[in-house]
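The values are calculated or read from the model by the stated rules, or taken from the named source; none is laboratory data. Keep in mind that what you see is a predicted model, and the values were worked out from it rather than measured. Counting neighbours? That spans all protein chains shown, and the Cβs are built from the backbone with ideal geometry, glycine included.
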Amino acid sequence: MIDLKEILINSNYKKETEELINIANLAYKHWETYWTGFNSTYVCEEILKNFENLNDFKFFIYGGFSSSQRSRIACFRGDSIPEEDALKSNFPAQGIKINGNFLFDNATQEDFRSLLIENGVNQSKVGDIWTIGDRGAQGIIDNLDIEHLDENIFYLRDVKVKINVVGIDELKIPSGRTKKLVNTVEASTRLDAIASAGFRVSRTKIIERIENGMLRLNGSKVNKPTINLKIGDKLELENKGFIEILNLEITKRERWKVKLLRK
């Protein structure tokens, strides 16, 4: 069995780490592959850093396609490693198509994700969601307990939508987000200032999202926009990816030159 307390102490993502510990114990006991729920791909990569020295286990991160922003972690014994193609072909998820006319009532990824959650889908069961112009959205979802969604009609605000469960190979996969360096000059190192610049979201909207618990700082949700950041801090904004602070340098005019890596 894995020493739960020892690994949790070193993790900024305790809930997600505990889930991985639990499935690792199952994988070791039953000689089978087990998968976590969906988390941000970046979070999956971060929590696996605490498992690097556990030679009895191996892990694989996958979300249905190569550039997914939300993924699951597969865990299996180190002495019984499956082929990568087999892991992908047996990935426990399906595709969904959410079809509706949003020409006059624009909807976001968050709106479509909320639609699924409000209709009985646990958040950890939902992978990537992406919009398809004004015709709705597509996405990845856990393949269990979704029969009630297939071929049924739902309402997103006043727009009628129909959900179809399909194979992932039937989806129009979005292009991946590439890493990008962002250089900016800000009046301070406050969370709201740097997050606004890094995620390209207005200051008003970023403050609103911070106060609503949609932003994580080094793995923990924060709701105070006035926190001062430092080099090495990592921010995660729901559906907007991640930024890492690479450098902070004060100028002669007492402003801050900020260098960020956006993922």
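Within segment 158-165, is even one residue touching a Ser or Thr at 6+ places or on another chain (Cβ under 9 Å), of a type in the set (A, V, I, L, M), within 18 Å of Phe112 (Cβ to Cβ) and modelled with pLDDT of 95 or more?
Among the residues of segment 158-165, not one is touching a Ser or Thr at 6+ places or on another chain (Cβ under 9 Å), of a type in the set (A, V, I, L, M), within 18 Å of Phe112 (Cβ to Cβ) and modelled with pLDDT of 95 or more, which makes the answer no.
Collect the residues in segment 112-126 that are charged (D, E, K, R) and crowded, with 16+ Cβ neighbours inside 10 Å, keeping them in residue-number order.
Across segment 112-126, the qualifying residues are Arg113, Lys125.
Leu156: assigned by TED's automatic domain parsing to the domain that holds Ile140 and either more than 18 Å from Thr41 (Cβ to Cβ) or of a type in the set (Val, Ile, Thr) (or both), yes or no?
yes
For residues that are under 11 Å from the mean Cα position of the chain (by Cα) and modelled with pLDDT under 95, scanning just segment 46-70, find the one that is surrounded by the fewest Cβ atoms within 10 Å (Cβ to Cβ).
Among residues in segment 46-70 that are under 11 Å from the mean Cα position of the chain (by Cα) and modelled with pLDDT under 95, the one surrounded by the fewest Cβ atoms within 10 Å (Cβ to Cβ) is Ser68.
Does segment 25-45 hold any residues that are farther than 30 Å from Leu237 by Cα and in a helix (DSSP H, G or I), and which are they?
Those that are farther than 30 Å from Leu237 by Cα and in a helix (DSSP H, G or I): Asn25, Leu26, Ala27, Tyr28, Lys29, His30.
Over 30 Å from Pro92 (Cα atoms), of a type in the set (Lys, Arg) and part of a loop (DSSP other than H, G, I, E, B): which single residue out of Lys259, Lys172, Lys224, Lys205 fits that description?
Lys224
Answer with yes or no whether Ala197 is outside the structural domain of Lys14 (by TED's automatic domain parsing), in contact (Cβ under 8 Å) with a residue 60 or more places away in the chain and loosely packed, with under 14 Cβ neighbours inside 10 Å.
Answer is no for this residue.
All but one of (1) within 30 Å of Asn152 (Cβ to Cβ); (2) over 16 Å from the mean Cα position of the chain (by Cα); (3) of a type in the set (Gly, Ala, Ser) hold for Ala86, so report the exception by its number.
(1)
Do we find that Val185 is touching a residue at least 60 places away in the same chain (Cβ under 8 Å) and surrounded by fewer than 14 Cβ atoms within 10 Å (Cβ to Cβ) in this structure?
Against the criterion (touching a residue at least 60 places away in the same chain (Cβ under 8 Å) and surrounded by fewer than 14 Cβ atoms within 10 Å (Cβ to Cβ)), Val185 qualifies.
Counting only residues that are within 11 Å of Glu238 (Cα to Cα) and touching a Lys or Arg at 6+ places or on another chain (Cβ under 7 Å), which one in segment 200-220 is surrounded by the fewest Cβ atoms within 10 Å (Cβ to Cβ)?
Gly213
Does Ile129 satisfy the condition of being of a type in the set (A, V, I, L, M, F, W, C) and crowded, with 21+ Cβ neighbours inside 10 Å?
Answer is yes for this residue.
Output the residues belonging to segment 71-101 that are closer than 18 Å to Gly127 by Cβ and either modelled with pLDDT under 95 or out of contact with any Leu (no Cβ under 8 Å at 6 or more places or on another chain) (or both).
Ser71, Arg72, Leu87, Lys88, Ser89, Asn90, Phe91, Ala93, Gln94
What about Val159, is it under 23 Å from Leu261 (Cβ atoms), of a type in the set (A, V, I, L, M, F, W, C) and over 23 Å from the mean Cα position of the chain (by Cα)?
So Val159 fails the test.
Six or more apart or on different chains, Cβ atoms under 9 Å: show the pairs whose first residue is in segment 22-37 and modelled with pLDDT of 95 or more and whose second is part of a helix (DSSP H, G or I) and β-branched (Val, Ile, Thr).
Tyr34/Ile23; Trp35/Ile23; Thr36/Ile23
So Val161 clears everything in (1) over 30 Å from Asp145 (Cβ atoms); (2) of a type in the set (A, V, I, L, M); (3) assigned by TED's automatic domain parsing to the domain that holds Phe104 except one condition, right? Which one?
With respect to (1) over 30 Å from Asp145 (Cβ atoms); (2) of a type in the set (A, V, I, L, M); (3) assigned by TED's automatic domain parsing to the domain that holds Phe104, Val161 is out only on (1).
For segment 1-45, give me the residue count where each residue is over 21 Å from the mean Cα position of the chain (by Cα), under 20 Å from Ile81 (Cβ atoms) and among the β-branched types (Val, Ile, Thr).
Result for segment 1-45: 2.
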